[in-house]
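In what follows, a structure is listed as structure tokens, so that the remarks can point back to it.
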Amino acid sequence: MHQNIDSLFAAMWQDYLHQTPSAAKVHDLLAQDDEIINDHIALRTFNLPKVGLPVLAAHFEALGYRAAGEYEFKQKKLKAKHYEHPDATKPKVFISELLVEQFSPWLQQTVANMVDQVADAAVMADEFLYSGRHWALDFATYEQLLAESEYAAWLAAFGYRANHFTVSVNHLKLYDSIVAVNDTLKHAGIVLNSAGGEVKGSPAVMLEQSSTMADQIPVAFDDGGHTIPSCFYEFALRYPQADGTLYRGFVEASADKIFESTNTNVSAKA
């Protein structure tokens, strides 16, 4: 396990930049004189015992993180939890898992075969959370997974790594709204996820979010390379609760649409 939260996130960030070339551009656009504060990262997994949500969470729990909220996405057949550190300056962690048993026998068997190829020792290793794919995968299998579950296909192709990092808009000196951030990004030619509107959430639910559409990058499959959607960048603006502290949770309806940032159709379904 990583001895240090900062070193873990630094390693995950470097891996994320390799998968998300536009992230550096977005970071530079918004940073200017500001330090970018990371609100949260997200990880995806399958709900099989070897690699399930608790297994990923253990890496963060060893560094002092604790479970803080549970979420369900019935349509996408996912469950998720988010984790927080007692030091509120440390990023939150959102981990979701695919409810594999709710899919076709073919998908269940395909996922079981992939997870069987993950070495037990690999799951415990410091670098597991940014280790990528641990299994053989051809493009036809990816496409067949995609027909059933975009989430399953993405996870099959990219494995274990941050699906996105998130800019805390609250900490940007030059921006006081998600809309202002979105306008800067669009002006620079960055494509935003418009599923459910460019801004997801509202002050009423104490959280507003937006995100880019995932970069399209070449990925090596067993039968050759193909260009597919990788990772994306998210933006979050949190509102104060009754006690004056910023809301730290997540909103299921908004997160449901954020998942669609990795959809293969660039405009994202509304």
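We did not get these values from a lab; they are worked out from the coordinates using the rules stated. Keep in mind the model is a prediction, meaning the values are calculated, not measured. Neighbour counts run over all protein chains shown; Cβ positions are idealised from the backbone, glycine included.
Compared with the dominant principal axis of the Cα atoms in the chain, helix 5-19 is inclined by about 70°. Over the chain, with a single point scatterer placed on each C-alpha, what log10 of the ratio I(q)/I(0) does the Debye formula yield at q = 0.08, 0.13, 0.14, 0.15 1/Å? Per q value, in the given order, log10 I(q)/I(0) is -0.30, -0.83, -0.98, -1.14. The count of lysine pairs in the chain with alpha-carbon distances below 12 Å, taking only pairs 8 or more places apart or on different chains, stands at 4. Sequentially through the range 122-130, phi angles give Karplus couplings (6.51, -1.76, 1.60; θ = phi - 60°) of 4, 5, 8, 5, 3, 8, 4, 6, 9 Hz, Gly and Pro residues having no value and appearing as x. Using the Cβ-Cβ distance between D28 and Q108 with R0 set to 35 Å, the FRET efficiency works out to roughly 0.20. Would you please give the FRET efficiency between T245 and S131, computed as 1/(1 + (r/R0)^6) with r the Cβ-Cβ distance and R0 = 30 Å, to the nearest 0.05? So the FRET efficiency works out to roughly 0.30.
The orientation-averaged shadow of the Cα convex hull for the range 56-111, equal to a quarter of the hull surface, comes to 4.5 nm². For the range 129-207, chymotrypsin sites (Phe, Trp or Tyr not before Pro) are listed when DSSP marks them as loop and at most 16 other Cβ atoms sit within 10 Å of their Cβ; the list is W135. Where the alpha-carbon atoms of the range 87-193 are placed on the principal axes, they occupy 49, 34, 24 Å, in descending order. Dividing the summed -39500 (n - 2.57) terms of all DSSP H runs of n ≥ 4 by the residue count of the chain sets its mean residue ellipticity at 222 nm at -9500 deg cm²/dmol. Against the chain, whose longest principal axis is taken from its Cα atoms, helix 21-31 shows a tilt of about 10°. Taking amide H as placed 1.01 Å from N in the peptide plane, N193 has its amide H under 5 Å from the amide H of S211, T212, M213, each at least 5 places away in sequence or on another chain. Give me the tail of P(r) for the range 116-270 as a percent: Cα-Cα pairs with distance above 28 Å. Of all Cα-Cα distances in the range 116-270, 31 percent exceed 28 Å. E208 sits among other residues whose Cβ lies under 13 Å from its own Cβ, and their net charge, with Lys and Arg +1 and Asp and Glu -1, is -1. Put in order of Cβ neighbour count within 10 Å, fewest first, the listed residues Y71, Y16, Y233 become Y71, Y16, Y233. Calculate how steeply helix 139-148 sits against the longest principal axis of the alpha-carbon atoms of the chain, using the helix alpha-carbon long axis, and give the answer as 0 to 90 degrees to the nearest 10. In the chain, helix 139-148 runs at an angle near 60 degrees to the longest axis.
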